[in-house]
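*Asks:* Here it is: the structure, laid out below.
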Amino acid sequence: MSNTSATASELLAKMNSGEVSSEEITAACLEEIARRDNSINAFLSLQAETALETAREVDRKRKAGEPLGKLAGIPVALKDNICAKGATTTCASKMLEAFTPPYDAHIVEQLRAADAVLIGKTNLDEFAMGSSTENSAFKTTANPWNTKCAAGGSSGGSAAAVAAGFAPLSLGSDTGGSIRQPASFCGVVGLKPTYGRVSRYGLVAFASSLDQIGPFARDVTDAALLLETIAGKDQRDTTSLDADVPSYTKNLEQPLENLKVGYIEHLHAEGLHEDVKAATQQALEVYKSLGAELIPVELPHAKYCVATYYIIAPSEASSNLARYDGVHYGYRAKQFDNMIDMYAASRGEAFGDEVKRRIMLGTYALSSGYYDAYYLKALKVRRLIRNDFEQAFQKVDIIASPVTPTPAFEIGELVDDPLAMYLADIFTTSANLSGIPGVSVPAGMSQNKLPIGLQLLAPPLEEERLLRAARMFERETDWHRQRPE
Amino acid sequence: MSTQLTQDEVLKVASLSRLKLSETEVTALGEQMGSVLKYIAMLDELDTTDIEPMAHAIEISNVFRDDQLQESLPREQALSNAPQTDGKYFLVPAIL
């Protein structure tokens, strides 16, 4: 494996044996980005100089035998809704085009403490609202496997960067599938942790009760390594959980005994692609061959997830995005009549279509006369959805399903049909609504040579189980070793 | 339920949202919001009478911290992203 296609764990071993330096690895990633990102569009900004400086400093420390962090010298890319001091954080929005945060997100502090090399900020759907990065105000990220196809979203840039050889690791955020769906489309591992497992301090808020930061990686081991680096309690996010962070890498190679894998017997998702169905079936066979028991589970309220999600997420978004008023930071319109008009004009000019759509939907759902019918109703159905999982997890250890109904769609294919785009979130939104962890692992290839992911879900705070189950599958297959081109 | 929001309804929500919209946007949003709301109406099939609403995935309440002085952002940095500032304050158009 070359320095741009190897996993972070492989690169760490190579650095420790003196075979390669962090500076060489970082330079190789930057060269690859310079050579090919004009066709992929994974990055919105690069921090090339500071990255090379950090890399050289890590190399010096390594040579001097000084203590090193877990990710010492490994290039990491950040979704551009995660604040890193001194680097623009645009959320792919005209609203924050010139915004430079004066502080680091909690996870950025953790990454710096782990001696990671932050190389750049990746593209996303504006404010993480979307499933294709087509809602970015600046560019659309192409799928490294086929540049006519979408990389997925909203963390499309982070997924594409790992798949394309631009960075061995990256971070994304997942509100309704925004890590798992692009991971599936791009053939990489993407994990959404339990709600509260990772601090959201410094993550630009979209829907606060659903948002969670998580890792992208080229294999399960790397995802475990990155998760154990960023997880844990942080006083500045009161919803972050005060639960021990186990070493997710420690027992990863140890298969789970008497594993019970739940599956949804009647997968009637509209438009479920044959290749996706087949890949899911084959994945279940792999678990069976490993001695796992396959048990059908009922999730009677699964079909209501998308409707529930598209009330709750826009409602929270309409409230969170009220802060963009052209006063403290962000875009201010040039022409306006008065203060209120300044707010409306600034927001009208700087937000894109999807962001406006969601603010409008959320405001509508929360407005007088509609609150009970929409928002309150959705919160009640949310509990029914969570109860389904609680019951299912009494019978099984993990639940396996597709990540998305289809492999990557073509860029432009769904852009004029918001509802069709929303319906593609059918398998992913339930984990956010319930707060449970989920992972997408490479599990197949469509006839058109596009990756297909397998989603595994586990009960709250069972990331260790989730990752070990994912690793059991990965060891038996070589989908994760395939690279585009 | 009507499948489309009227222009007045859209404009009312836009005003509550502090969003200045073009005429094209108003028309498009009327249709798009209508189709999403029509889809969402499937929740009406469910009887949720005795179900407790669930606002958060992990049900925790009132997280307190000690009330201690902490360092805050220096003024210069707090103002560094302001669209308009005099170096001391955020400037806005006259309100009265």
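*Asks:* Among (1) in contact with a Ser or Thr (Cβ under 8 Å, 6 or more places away or on another chain); (2) of a type outside the set (Gly, Ala, Ser); (3) assigned to a loop (DSSP other than H, G, I, E, B); (4) within 8 Å of chain B (Cβ to nearest Cβ), there is one condition residue A:361 misses while meeting the rest; what is its number?
*Replies:* (3)
*Asks:* Would you point out the residue of region B:58-76, among those that are under 23 Å from residue A:436 (Cβ atoms) and open to solvent by 50 Å² or more (accessible area, probe 1.4 Å), that is nearest to the other protein chains (Cβ to nearest Cβ)?
*Replies:* This residue is B:63.
*Asks:* May I pose another question? It is to be established whether one or more residues within region A:400-412 are within 12 Å of another protein chain (Cβ to nearest Cβ) and not acidic (Asp, Glu).
*Replies:* For region A:400-412, residues within 12 Å of another protein chain (Cβ to nearest Cβ) and not acidic (Asp, Glu): absent.
*Asks:* Taking into account only those residues within region A:238-265 that are assigned to a loop (DSSP other than H, G, I, E, B) and open to solvent by less than 10 Å² (accessible area, probe 1.4 Å), which is nearest to the other protein chains (Cβ to nearest Cβ)?
*Replies:* A:240
*Asks:* Quick check: anything in region A:404-427 open to solvent by 40 Å² or more (accessible area, probe 1.4 Å), of a type outside the set (Gly, Ala, Ser) and in a helix (DSSP H, G or I)?
*Replies:* Checking region A:404-427: at least one residue is open to solvent by 40 Å² or more (accessible area, probe 1.4 Å), of a type outside the set (Gly, Ala, Ser) and in a helix (DSSP H, G or I).
*Asks:* Identify, by number, the condition in (1) in contact (Cβ under 8 Å) with a residue 60 or more places away in the chain; (2) more than 8 Å from chain B (Cβ to nearest Cβ); (3) farther than 20 Å from residue A:205 by Cα that residue A:373 doesn't meet.
*Replies:* Of the numbered conditions (1) in contact (Cβ under 8 Å) with a residue 60 or more places away in the chain; (2) more than 8 Å from chain B (Cβ to nearest Cβ); (3) farther than 20 Å from residue A:205 by Cα, the odd one out for residue A:373 is (1).
*Asks:* Right, here's the next one. Name the single residue that is surrounded by the fewest Cβ atoms within 10 Å (Cβ to Cβ) among those in region A:309-358 being of a type in the set (Lys, Arg) and in a loop (DSSP other than H, G, I, E, B).
*Replies:* A:334
*Asks:* Going residue by residue through region B:39-57, is there one that turns out to be touching a residue at least 12 places away in the same chain (Cβ under 8 Å), surrounded by 10 or more Cβ atoms within 10 Å (Cβ to Cβ), facing chain A (nearest Cβ under 10 Å) and not in a loop (DSSP other than H, G, I, E, B)?
*Replies:* yes
*Asks:* Which residue is nearest to the chain's Cα centre (by Cα), if the candidates are limited to region A:92-128 and must be open to solvent by 10 Å² or more (accessible area, probe 1.4 Å) and within 14 Å of chain B (Cβ to nearest Cβ)?
*Replies:* Only one residue tops the list, namely A:104.
*Asks:* Kindly provide the set of residues from region B:15-38 that are open to solvent by less than 30 Å² (accessible area, probe 1.4 Å), over 19 Å from residue A:373 (Cα atoms) and at the interface with chain A (Cβ under 7 Å from one of its Cβ atoms), ordered by number.
*Replies:* Listed by number, the residues that qualify are B:17, B:19, B:29.
*Asks:* Shifting gears a bit: Does region A:436-447 contain at least one residue that is facing chain B (nearest Cβ under 8 Å) and among the small types (Gly, Ala, Ser)?
*Replies:* No, there is no match, as no residue in region A:436-447 is facing chain B (nearest Cβ under 8 Å) and among the small types (Gly, Ala, Ser).
The values are calculated or read from the model by the stated rules, or taken from the named source; none is laboratory data. Source: prediction; values computed, not measured. All Cβ positions, glycine included, derive from the backbone under ideal geometry; neighbour counts span all protein chains shown. Keep in mind that these areas ignore ligands, DNA and RNA; they rest on the heavy atoms of the full protein, side chains included. Shrake-Rupley method; radii C 1.70, N 1.55, O 1.52, S 1.80 Å.
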